[in-house]
1. Placing one identical point scatterer on every Cα of the chain and ignoring solvent, what is log10 I(q)/I(0) from the Debye formula at q = 0.07, 0.13 Å⁻¹?
2. Can you tell me the relative contact order of segment 1-40? Whole percent, Cα pairs under 8 Å, sequence separation 6 or more.
3. Report the FRET efficiency, 1/(1 + (r/R0)^6), for residue 19 and residue 207, where r is their Cβ-Cβ distance and R0 is 22 Å, rounded to 0.05.
4. For segment 22-86, what does the alpha-carbon gyration tensor say about shape, rounded, prolate or oblate, given a ≥ b ≥ c as the root eigenvalues, a/c under 1.5 as rounded, and a/b over b/c as prolate?
5. Between segment 76-118 and segment 3-60, what is the separation of their alpha carbon centroids in Å?
6. How far is it, in nm, from the label point at residue 97 to the one at residue 42 when both lie 7 Å from their Cα along the line to the Cβ?
7. Would you calculate the separation in nanometres between label points at residue 151 and residue 71, each defined as 7 Å from the Cα along the Cα-to-beta-carbon direction?
8. With both partners inside the chain, how many of the DSSP beta bridges are antiparallel, as a percent to the nearest 5?
Ligand SMILES: NC(=O)c1ccc[n+]([C@@H]2O[C@H](COP(=O)([O-])OP(=O)(O)OC[C@H]3O[C@@H](n4cnc5c(N)ncnc54)[C@H](OP(=O)(O)O)[C@@H]3O)[C@@H](O)[C@H]2O)c1
C-alpha cells in the first residue's frame with residue numbers, strides 16, 4: 001500500500017513507455033516488503049533541468065536515467081561518482097538529503113551478468129568488444145579494470161569513433177582498434193569472450209548480425225549480446241552454430257538495475273525476482289503486439 005511514508009523511485013527517459021524497469025524494481029520492492037514505489041516519467045530533453053529540480057523539490061529518493069539523458073544529466077548533479085565520470089554517463093541518481101549524486105551501474109551490470117549468468121569469475125585474456133557507442137563506453141571501462149585481460153579488440157563501423165573511445169578510456173596498448181564494415185570476416189583467434197555492444201540485431205531488424213560470416217569464433221568462447229529485444233538474436237544463433245556459449249543482454253539489464261536498487265535502498269535485491277518480472281513483461285509486450 002502506498003502511504004505518506006512511501007519513498008518514490010523512478011526512471012526518466014524519452015520515450016520511456018517500453019521500459020522494463022518499473023516492473024523489475026516493483027517486483028523486488030514487493031518481494032522485500034519495502035515501502036517504496038517505482039514509476040516511469042517521460043521527460044523531453046528540454047524538460048531535464050526541471051525534472052532534476054523536481055527530484056529535489058519532491059524529495060524523490062532515486063532515479064534511473066535512460067536515453068537520451070545519460071550525458072546531459074551530469075551537469076545538473078551535485079556530485080558524480082569517479083566511475084560515472086570516467087565513463088562519461090550517469091544512469092542512476094540518488095538523492096542524499098537534497099544532494100543529487102550520479103552513478104553508472106552499467107559497468108557493474110556487465111561484469112555481474114558474466115559472473116552470474118555466464119559463470120565467468122575470471123575473464124579470458126583476449127576479449128573482443130563490438131561497438132563504440134554509449135554502452136560500449138561502460139563495457140570498455142569495466143573490461144580495462146580487469147587486470148587478467150591482456151588484449152581487447154575494439155571493433156566498430158566508424159573507426160574514428162572507436163579510436164576516440166580507446167583514447168578516452170586510456171586503454172593504451174591493451175586496446176587494439178579495428179573496423180567492423182559488415183563484409184570482411186574478423187580474426188577472432190584466441191578470443192575467449194565476445195561482447196556485442198552495437199545495436200545491430202535489435203528490434204525492428206532482428207535478422208541482422210554484427211558478426212560477418214566466416215569470422216572464426218572459438219567454440220570455447222562465450223558470446224554476450226547485450227541486445228535483449230529479441231532475447232535470442234541472430235548473433236547468438238551464429239555463435240551457437242559455432243559451438244560457443246551465449247548470453248543475451250537481459251542479465252546485464254537486470255544486474256545494472258540491481259546495483260541501482262542497492263544504491264537507493266541499501267539492500268541487494270532478489271535478482272531472480274527482477275529477472276522473472278522482466279521476462280514476464282517482455283512476454284506480455286510480445287503478445288500485445290501480435
Ligand atoms: N543489456 C543492457 O543492459 C543494455 C544497456 C545499454 C544498451 N543496451 C543495448 O546496446 C545497444 C547499443 O546501445 P547504445 O546506447 O550504445 O547505442 P549507441 O550509443 O547509439 O551506439 C550504437 C552502436 O551500434 C553501432 N551500429 C549501429 N548501427 C550499425 C550498423 N548498421 N552496422 C554496424 N554498427 C552499427 C554504432 O556504430 P557507429 O559508431 O559506427 O555508428 C555504435 O557502435 C542497443 O541495442 C541497446 O538496447 C543494452
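Every number here is computed from the coordinates shown, using simple stated rules; none is lab data. This is a predicted model, so every value here is computed, not measured. Cβ coordinates were reconstructed from backbone atoms using ideal geometry, including for glycine residues, and neighbour counts include every protein chain displayed.
1. So the normalised log intensities are -0.26, -0.90.
2. Once divided by the residue count of segment 1-40, the mean separation gives 60 percent.
3. It comes to 0.35.
4. Prolate, since a/c reaches 1.5 and a/b exceeds b/c.
5. Their Cα centres are 16 Å away from one another.
6. 3.8
7. Placing both labels 7 Å beyond Cα along the Cβ direction yields 3.1 nm.
8. Looking only at bridges with both residues in the chain, the antiparallel portion is about 20 percent.
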